[in-house]
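First comes the structure, then the notes that go with it.
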Amino acid sequence: MQEEALIRVLLADDMKLFRAALRNLLEQQPDFEVVAEVFCGDLIVPTALDLRPDVAVIDIEMPGQDGLTAAVALREQLPGCATLILTAFGSPANLRRALTSQAGGFLSKDVSPQALADAIRQVVAGIQVVDPQVAAAALKLPPNPLTPREIDVLRLSASGSPAQQIGAELFISTATVRNYLSSIVAKLHARTQVDAIRIAVDAGWI
């Protein structure tokens with residue numbers, strides 16, 4: 001009787017200790033083989049193209065390219081490799097980015113070992129897996145109250161652009177930019193402009 005092929009796994013995380021623990025955990029499963037570990041987002045796609053894993057387990061925050069951007073590139077260049085985002089930053093905004101990137105799964109790092117193993121098997125089988133607690137938090141988010149122009153203004157402000165520069169880029173006056181920012185702070189029930197940026201980023205609106 002022919003043995004079933006092992007699920008070949010690529011691990012991408014910048015924490016060496018966590019990668020080692022994750023490798024040890026997965027290799028205790030009879031159907032997993034960890035074929036590569038990378039510490040930098042820029043190495044995910046080249047390594048996957050070279051070794052052709054069945055699934056890449058990817059952290060979001062890494063040196064170089066972030067994990068979600070790498071997941072998009074990996075899907076485009078190696079569609080046969082599933083992706084599972086495993087992160088300590090299980091925010092609704094990151095979940096939305098993961099779903100937009102068409103990642104096969106999104107789990108927080110405090111998931112149980114068995115749940116992680118089951119999730120890897122599911123994403124390899126083409127079943128999308130989403131952390132239920134993060135999904136519930138995302139569903140509780142209110143709808144985005146900002147207009148497209150207000151989003152543009154807030155995104156530029158979040159990047160550090162002053163009001164005059166924002167106005168020049170959007171072809172509106174500096175006074176209009178300030179009016180938009182005041183309106184944004186009020187709509188988001190924020191204390192300050194910085195607080196408004198935080199609220200919008202956490203919600204995935206910018």
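The values are calculated or read from the model by the stated rules, or taken from the named source; none is laboratory data. From a predicted model like this one, the values you see are computed outputs, not experimental measurements. Please note: Cβ atoms are built from the backbone with ideal geometry, for glycine as well, and neighbour counts cover all protein chains shown.
Which ranges mark the helices (runs of 4 or more DSSP H) fully within segment 144-206 that have 2 or more residues being surrounded by 15 or more Cβ atoms within 10 Å (Cβ to Cβ) and of a type in the set (G, A, S)? Full working, then the answer.
Numbers: elements: 148-158, 163-170, 174-187, 193-203.
Once the helices (runs of 4 or more DSSP H) in segment 144-206 are filtered for at least 2 residues that are surrounded by 15 or more Cβ atoms within 10 Å (Cβ to Cβ) and of a type in the set (G, A, S), what remains is 148-158, 163-170, 193-203.
Given the conditions (1) of a type outside the set (A, V, I, L, M); (2) at pLDDT 90 or above; (3) under 20 Å from the mean Cα position of the chain (by Cα), and given that E150 satisfies all but one, which numbered condition is not satisfied?
E150 satisfies every listed condition except (3).
Per-residue answers, yes or no, for (1) surrounded by 15 or more Cβ atoms within 10 Å (Cβ to Cβ); (2) in contact with a Gly (Cβ under 8 Å, 6 or more places away or on another chain); (3) touching a residue at least 40 places away in the same chain (Cβ under 8 Å):
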site	(1), (2), (3)
Q65	yes, yes, no
L68	yes, no, no
Q77	no, no, no
L84	yes, yes, yes
Q102	no, no, no
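Checking L6 against (1) under 19 Å from P79 (Cα atoms); (2) over 21 Å from the mean Cα position of the chain (by Cα); (3) exposed (fewer than 13 other Cβ atoms within 10 Å of the Cβ), which test does it fail?
(3)
Residue by residue, here is whether (1) part of a helix (DSSP H, G or I); (2) out of contact with any Lys or Arg (no Cβ under 8 Å at 6 or more places or on another chain) holds:
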position: E37; (1), (2): no, no
position: P46; (1), (2): yes, yes
position: I60; (1), (2): no, yes
position: T69; (1), (2): yes, yes
position: A93; (1), (2): yes, yes
position: F106; (1), (2): no, yes
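Would you say G41 is out of contact with any strand residue (DSSP E or B) (no Cβ under 6 Å at 6 or more places or on another chain), at pLDDT 85 or above, crowded, with 17+ Cβ neighbours inside 10 Å and small (G, A, S)?
Values: out of contact with any strand residue (DSSP E or B) (no Cβ under 6 Å at 6 or more places or on another chain): yes; at pLDDT 85 or above: yes; crowded, with 17+ Cβ neighbours inside 10 Å: yes; small (G, A, S): yes.
Spelling it out, G41 is indeed out of contact with any strand residue (DSSP E or B) (no Cβ under 6 Å at 6 or more places or on another chain), at pLDDT 85 or above, crowded, with 17+ Cβ neighbours inside 10 Å and small (G, A, S).
Could you identify the single residue in P30, P53 that is in contact with a strand residue (DSSP E or B) (Cβ under 6 Å, 6 or more places away or on another chain) and in a loop (DSSP other than H, G, I, E, B)? Let's see the steps before the verdict.
Numbers: P30 fails: in contact with a strand residue (DSSP E or B) (Cβ under 6 Å, 6 or more places away or on another chain).
It is P53.
Anything in segment 110-134 that is under 16 Å from I58 (Cβ atoms) and among the hydroxyl-bearing types (S, T, Y)? List them, or say none.
none
Could you list all residues from segment 86-110 that are of a type in the set (V, I, T) and modelled with pLDDT of 85 or more? Quick ask: steps written out before the conclusion?
Residues of segment 86-110 that are of a type in the set (V, I, T), as a first pass: 87, 100.
The answer is none; no residue qualifies.
Filter segment 119-135 down to the residues that are within 27 Å of A5 (Cα to Cα) and assigned to a helix (DSSP H, G or I) and list them by number. Break it down stepwise before answering.
Taking segment 119-135 as the starting set, the residues that turn out to be within 27 Å of A5 (Cα to Cα) are 119-130.
Answer for segment 119-135, where residues must be within 27 Å of A5 (Cα to Cα) and assigned to a helix (DSSP H, G or I): A119, I120, R121, Q122, V123, V124.
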